[in-house]
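Data first, discussion second: the structure below is written as structure tokens.
What follows is calculated from the coordinates using simple rules that are stated; it is not laboratory data. Quick caveat, the model's predicted, so the values are computed rather than measured. No Cβ is skipped: glycine too gets one built from the backbone with ideal geometry, and neighbour counts run over all protein chains shown.
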Amino acid sequence: MDWSWKVAADVLPFMVQGLVVTIEATFAGAFVAYLLGLFLAILKMSKSRPIAFFSYWSSEFIRRTPLLVQLYFLFYVLPDIGIFLSPLAAGIIGLGLHFSTYTSEVFRAGIENVPTGQWEAAKSLNYRPYQTMRYVILPQSIPPMIPPLANYLITMFKETPLLSAITVVELFNAANIYSNSHYKYLEPMTLVGLFFLIVSVPSAYIAMRLEKKYQLRNTGAN
Amino acid sequence: MERVLEYSSLLIDGTLTTIELTFVSAILALIISFLVGLSRFSSLASVRIAAIIYLEFFRGTSAIVQMFFMFYVLPLMGLHFPPIVAGILACGLNLGSYGSEVVRAAVQSVPRGQHEAATALNYTKYQKFRYVLLPQAIPVMIPTFGNLLIELLKLTAVASLITISDLTFMAQIIRAQTALTLEPFVAIMIIYFTIASVLVAITDFIGRKLSKGRNTLAKKGV
């Protein structure tokens, strides 16, 4: 078993193509996760007991079952009831849906961490609900949300190889297809690992910097 | 649903494999978490650096890539594992990296005065960790460890991709044999949800037991 640079050079173009799909899936999935997550957070904080209860438990159900199974569900079950999604679309929806349960907690915590005095102040100023949110609550709750949301973006990036199970040819699958047809596993698998390290280690470092930055800002404001 | 019940023996076998995989990798991950997490406090720079490399490597690459690496690449280097061992190693090593950060953060969250008090009492490093820091840090770790345990359970589903016959693998077999899609996937999602909910209840129970009378840190959820 020796490392062959020829094989490495051979597989690289396929992997670059795969990386593009991986990045697409990550950002589109994150977009869905943030949007759905905010929606879910609002539902969870609803004053109506049944809505809060139902949204909490359906989010827990998604959170406590594996993403892989949810992807299979979207990929195999939906066509049976007449909904045809491309593998990539199913993957993006699955990724977004799964992680919306995580991001909803970030949104909820961010909004709930704004002191009640701020809500009361907005009320006493006779602000409309829109104004309360726009000028009082959101400006205070968004900055602390940024680091955890960035962290989930990195997590989603690392979860994209699961999409290979539903035939999406992303980074990992591109390497795997090459491996299976050439019986060369060492170089493609090592390169996939390297690609992930190259992207996720620096971005984890950036996320850490963001965390420090917004922490300082918070203590400064207090 | 009746036709899925015909295959209930497969589902029971799959459930047992999933539980076994979760349990054994959880123990492995727990040992690694403490080993690597505490290594970060070593006075030897080489030990600290080794711990950081381990952490960044396993946290930075995707779990599915690690699993395929163990399954396809390590045998080329002369290391042959049965699939279940490769699955346990990949799950344990992956979650261990996240766990080590929990251990490190929890020990660091013990107030500075406690570290200093141990030094003032002339405690050895072992005594300091055994009698002062860990008893206060462990209750802080429990809720996060609980979350990681759920992540671990969900990660075991990925092991189905390296031919381990866990729940997800069995659902795929049932799908292939009966052409049913909705029933097998719904059935295993309910099983996963049930296992996860039991794990949540257990960690909540342990968390309550451990934080009894030590409410200073745990209640604040530092």
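Straight-line reach from A:Lys158: which lysines have a Cα under 20 Å away, not including same-chain ones fewer than 8 places off? Within reach: B:Lys154.
Under the simplified labelling scheme, the A:Met45-B:Ile49 pair shows an inter-label distance of 4.7 nm, with each label point 7 Å from Cα along Cα→Cβ. Projecting the Cα atoms of A:Ser104, A:Leu163, A:Ile83 onto the dipole axis of the range A:5-221, where Lys and Arg carry +1 and Asp and Glu carry -1 at the beta carbon, places A:Ser104 farthest toward the positive end.
Shielding of peptide A:67-78 by partners, expressed as the average count of other chain Cβ atoms within 10 Å per residue Cβ, is 6. For peptide B:63-76, the mean count of partner chain Cβ atoms within 10 Å of a residue's Cβ comes to 6.
Give me the inter-chain shielding for A:54-66: mean count of other chain Cβ atoms within 10 Å, whole number please.
Details: counts 0, 0, 0, 1, 0, 0, 4, 6, 2, 6, 12, 13, 16.
Mean partner shielding for this stretch: 5.
Mind giving me the FRET efficiency for A:Tyr135 and B:Phe57? R0 is 35 Å, r the Cβ-Cβ distance, nearest 0.05 is fine.
On the way: r = 46 Å, r/R0 = 1.30.
Calculated value: 0.15.
At a Förster distance of 22 Å, what's the computed FRET efficiency of B:Val198 paired with A:Ser58, Cβ-Cβ distance as r, to 0.05?
On the way: r = 19 Å, r/R0 = 0.87.
Computed FRET efficiency for B:Val198 and A:Ser58 comes out at 0.70.
Among all helices in chain B defined by DSSP H, which have a length of 18 Å or more along the axis from Cα atoms plus a Kyte-Doolittle mean of at least -1.0? Those that pass (Cα extent of 18 Å or more, hydropathy at least -1.0) are B:8-39, B:45-60, B:83-109, B:134-155, B:182-211.
Taking a Cβ cut-off of under 15 Å around A:Tyr102, the surrounding Lys, Arg, Asp and Glu residues balance to a net charge of +2, with basic ones at +1 and acidic ones at -1.
Enter the angle in degrees (range 0 to 90, nearest 10) between the Cα long axis of helix A:171-182 and the first principal axis of the Cα atoms of chain A, meaning the one along which they spread out most. Roughly 20 degrees between the two axes.
What list do you get for A:Arg108, A:Arg134, B:Arg112, B:Arg59 if you sort them by fewest beta carbons within 10 Å? Please report the intermediate quantities before stating the final value.
Numbers: A:Arg108 19, A:Arg134 12, B:Arg112 8, B:Arg59 22.
Neighbour counts put them in this order, fewest first: B:Arg112, A:Arg134, A:Arg108, B:Arg59.
Can you tell me the FRET efficiency between A:Glu24 and A:Ile142 if r is taken as the Cβ-Cβ distance and R0 is 25 Å, rounded to the nearest 0.05? With a Förster radius of 25 Å, E is 0.45. Comparing A:Val114, A:Val21, A:Val169 in a Gaussian network model of chain A, where Cα atoms under 10 Å apart are tied by springs, the biggest mean-square fluctuation is seen for A:Val114. Note on A:Ala89 and B:Lys212: the model spin-label points, each 7 Å out from Cα along the C-beta direction, lie 5.6 nm apart. Taking every DSSP helix (H) stretch of at least 4 residues in chain B, weighting each as -39,500 (n - 2.57) and dividing the sum by the residue count yields a mean residue ellipticity at 222 nm of -24500 deg cm²/dmol.
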